[in-house]
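**Student:** Could you have a look at this structure, given as structure tokens, before my questions?
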Amino acid sequence: MVGGGDGGDANRIHRMAMDDPIPWYKKKHLRTLYLNLFPCVIGIEMTSGFDSQIINSAQLLPAWKHYFGNPTGAYSGILASALPLGSVIGLPLIPLINDTFGRRWCIMFGSIVMIIGTFIQGFAINGPMYIMARGIIGFGLPYAIVAGSCLIGELGYPKERPVLTSLFNACYFIGAIVAAGCTFGTQQIDNDWSWRIPSLLQMAPSLLQVLFVLFLPESPRFLISKDRYEEAKDVLIKYHAEGNPESEFVQAEIAEIKITLEIELEHSKRSWMDLVRTPGMRRRVLIGSLLGLFTQLSGNVVISYFLGDVLKLIGYTDPAFQTKYNLGNQCWSLVCGVSAALVVMRFRRRTMYMTGILSILAVYVGWTICTALFINDKSDVAAKLSLFWIYAYSPAYNLCFNALTYTYLIEIFPYAQRARGISIFQFWGKAAQFFGTNVNPIGTQAIGWKYLLVYCCWIFAEAVLIWFLWPETSDRSLEELAFLFEDREDYAYTATAAVSKIVHHDDSADKSHQHISEHEKV
């Protein structure tokens with residue numbers, strides 16, 4: 001566990017940031033940084049939200065159904081799942097680009113690929129071309145997501161970092177609302193442009209990223225890893241100290257980042273094999289993989305991609321009602337997502353995860369019972385309660401999987417393996433999404449409401465795994481969490497001593513670091 005040094009110096013960087021009395025909006029440079037982060041980094045997940053509603057809403061459009069031959073079952077599934085399939089294909093090279101060229105250029109690359117795919121999607125002339133276009137969008141999306149989440153966590157001031165990384169996922173619903181609202185408006189168009197217009201608008205977030213991302217500074221941790229020490233120092237002084245080069249906080253932060261990266265990179269080969277080389281890294285990979293599965297297999301894909309099908313199960317077959325209900329649900333989800341992000345600093349990570357997953361389980365049990373009652377007894381009350389449970393799902397899901405996903409991933413994976421760790425998460429997440437978007441339409445068509453029972457059992461299993469595997473990561477800086485799973489007090493002590501040297505003006509950090517290699521030989 002993270003430790004080392006005396007109790008007064010442990011977690012010092014985090015405590016120094018939390019004790020800062022000046023809010024971010026009263027700091028000129030930090031305020032500018034956060035306002036620039038929104039359109040070109042925090043907004044990356046708008047593309048994912050837009051995509052879910054492109055498929056969800058398009059299936060309610062008569063012109064889309066007619067153009068693609070009234071897709072059902074497996075064909076309907078592949079139209080939706082082509083994007084996550086493309087994401088899985090593109091994942092292996094993400095760490096290479098992200099760690100070689102930097103976070104900004106990785107975002108740029110992914111955004112350009114998505115713009116190309118969206119253009120093809122909007123002008124698709126048949127099903128295969130539409131599927132190929134969605135695969136191209138999916139290929140580019142994780143490049144932007146992985147690099148963007150890393151950049152937010154590594155640029156943000158420690159006091160606001162968890163909120164920023166939580167808002168990253170909440171922006172999913174902005175894209176979903178725009179897509180649902182746009183499709184609601186274009187359904188009045190009695191031709192193919194009713195679905196082509198929303199399809200082309202999916203490139204809007206990527207255009208914002210291409211236009212603004214190079215106005216952002218590069219990650220100081222990336223710069224230090226490339227021996228661009230002065231550039232990193234300038235970034236931290238400008239944004240974390242408002243231009244004050246004498247800031248004790250920034251001097252301590254630079255020392256901690258520098259010494260931690262030296263230790264990490266000294267014992268890392270920067271390869272995929274690093275992820276399975278030690279027990280600590282294997283546990284990180286297990287948690288990241290399970291988190292990827294849980295974010296997509298907790299029943300959310302049913303609501304995000306196939307809401308029309310589940311509404312039909314409870315007797316709501318009118319396309320106009322389905323579209324309005326869907327739009328309302330996305331607006332409600334945005335409120336829940338932002339609210340969850342804003343309270344992430346008030347609760348411990350495990351508390352939020354367990355509260356969220358148990359709430360999801362309660363929602364699914366209630367939803368399943370009400371759907372069964374409607375189908376068996378034609379109860380109008382049960383049908384209306386089912387509508388309530390669908391809305392109740394959003395605050396439950398947002399409390400854990402939406403608010404904490406990238407916050408938690410950035411905290412459990414150290415810098416040297418952060419991009420690979422988030423790529424592992426993306427792999428399992430997109431694989432689960434591909435599985436869900438193909439299996440859900442088949443499952444609901446084959447066994448109806450009983451398919452919801454499958455999710456009830458699976459969500460219970462998720463709760464058990466979270467209880468036993470998820471560690472607590474709150475109230476620590478990223479460097480303090482770098483050795484979370486390693487029983488290496490000497491590493492943690494060295495990083496802590498580097499901070500002590502700045503704060504207390506002692507030289508224990510230098511002495512400690514000199515003896516690391518000798519300790520390794522023992």
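The values are calculated or read from the model by the stated rules, or taken from the named source; none is laboratory data. No experiment lies behind these values; they were computed from the predicted model shown. As a convention, Cβ positions derive from the backbone with ideal geometry for all residues, glycine included, and neighbour counts pool all protein chains shown. Each accessible area value is taken on the protein alone, full model and side chains, heavy atoms only, with ligands, DNA and RNA left out. Shrake-Rupley method; radii C 1.70, N 1.55, O 1.52, S 1.80 Å.
**Student:** Of the listed peptides 310-323, 279-292, 33-46, what is their order by residue-averaged count of other C-beta atoms within 10 Å, with the highest listed first? Walk me through the numbers on the way to the answer.
**Tutor:** Values: 310-323: 16.6, 279-292: 19.0, 33-46: 22.4.
Descending packing order for the listed peptides: 33-46, 279-292, 310-323.
**Student:** Averaging the inverse of every distinct alpha carbon separation and then flipping it gives the Kirkwood radius. What is it for region 107-245, in angstrom units?
**Tutor:** Details: mean 1/r = 0.0584 Å⁻¹.
Result for region 107-245 stands at 17.1 Å.
**Student:** Next question, about the same structure. Treating only the Cβ of Lys, Arg, Asp and Glu as charged (+1, +1, -1, -1), what charge dipole size does region 255-316 show about its Cα centre? Round to the nearest 20 debye.
**Tutor:** Numbers: 8 positive and 6 negative charges, 39 e Å.
Rounded to the nearest 20 debye, it is 180 debye.
**Student:** In addition: On a full-extension model of 0.36 nm per residue, what is the gain between I197 and E230, subtracting their alpha-carbon distance, rounded to one decimal in nm? List each step's numbers first, then the result.
**Tutor:** On the way: separation 33, 0.36 × 33 = 11.88 nm, distance 4.69 nm.
Net length gain for the segment: 7.2 nm.
**Student:** Only sites in a loop by DSSP and with at most 11 other Cβ atoms within 10 Å count here; which GluC sites (Glu not before Pro) in region 241-297 make the cut? Intermediate results must be reported in sequence, preceding the final value.
**Tutor:** Working: sites: E242, E246, E248, E253, E256, E262, E264, E266; in loops: E242, E246.
Sparse-neighbourhood loop GluC sites (Glu not before Pro): E246.
**Student:** If packing is taken as the average number of other Cβ atoms within 10 Å across a peptide's residues, how do 363-370, 340-347 rank, most packed first?
**Tutor:** Packing proxy ranking, top to bottom: 363-370, 340-347.
**Student:** For K384, go through the lysines and keep the ones whose alpha-carbon is under 28 Å away, minus same-chain ones fewer than eight residues off.
**Tutor:** Counting by Cα, and skipping residues close in sequence, K384 has these lysines nearby: K65, K312, K324, K450.
**Student:** Run the reach check for K238 against lysines, Cα to Cα strictly under 26 Å, same-chain hits fewer than 8 apart removed. What comes back?
**Tutor:** Qualifying lysines at Cα under 26 Å: K26, K27, K28, K159, K226, K258, K501.
**Student:** Separate question: For the chain, what is the accessible area per residue in Å² when the probe is 1.4 Å?
**Tutor:** Working: 19860 Å² over 522 residues.
Result: 38 Å² of accessible area for each residue.
**Student:** Now for a separate question. Extension gain T72-T100, at 0.36 nm per residue separation less the Cα-Cα distance, in nm? Don't skip to the end; give the middle numbers.
**Tutor:** Values: separation 28, 0.36 × 28 = 10.08 nm, distance 4.33 nm.
The T72-T100 span can extend by a further 5.7 nm.
**Student:** Under a point-charge model restricted to the Cβ atoms of Lys and Arg (+1) and Asp and Glu (-1), what is the dipole moment magnitude of the chain relative to its Cα centre, in debye to the nearest 20?
**Tutor:** Working: 42 positive and 44 negative charges, 286 e Å.
The dipole magnitude comes to about 1380 debye.
**Student:** How large, in percent, is the carbon and sulfur part of the accessible surface of the chain at a probe radius of 1.4 Å? Working shown, then result.
**Tutor:** Details: 13150 of 19860 Å².
For the chain, the apolar C and S fraction of the accessible surface comes to 66 percent.
**Student:** Label C457 and M132 with points 7 Å out from Cα along Cα→Cβ: what is the distance between them in nm?
**Tutor:** Going from the C457 label point to the M132 one covers 4.1 nm.
**Student:** Also, quick follow-up: Can you find, among V365, L334, W389, the residue farthest towards the positive end of the dipole of region 322-392? Put +1 on the C-beta of Lys and Arg, -1 on that of Asp and Glu.
**Tutor:** L334
**Student:** Quick one: dipole size for region 143-284, taken about the Cα centre, charges +1 on Lys/Arg Cβ and -1 on Asp/Glu Cβ, in debye to the nearest 20. Don't skip to the end; give the middle numbers.
**Tutor:** Numbers: 15 positive and 18 negative charges, 128 e Å.
Dipole magnitude for region 143-284 comes out near 620 debye.
**Student:** K65 to T317: extension gain in nm, 0.36 nm per residue of separation minus the Cα-Cα distance?
**Tutor:** Values: separation 252, 0.36 × 252 = 90.72 nm, distance 1.53 nm.
Gain on extension, K65 to T317, equals 89.2 nm.
**Student:** Among G153, I447, L96, which residue has its Cα furthest toward the positive end of the charge dipole of the chain, with +1 on Lys/Arg Cβ and -1 on Asp/Glu Cβ?
**Tutor:** I447
**Student:** Out of V250, I237, S225, whose Cα points farthest toward the positive end of the dipole of region 217-264 (charges: +1 Lys, Arg; -1 Asp, Glu; placed on Cβ)?
**Tutor:** It is S225.
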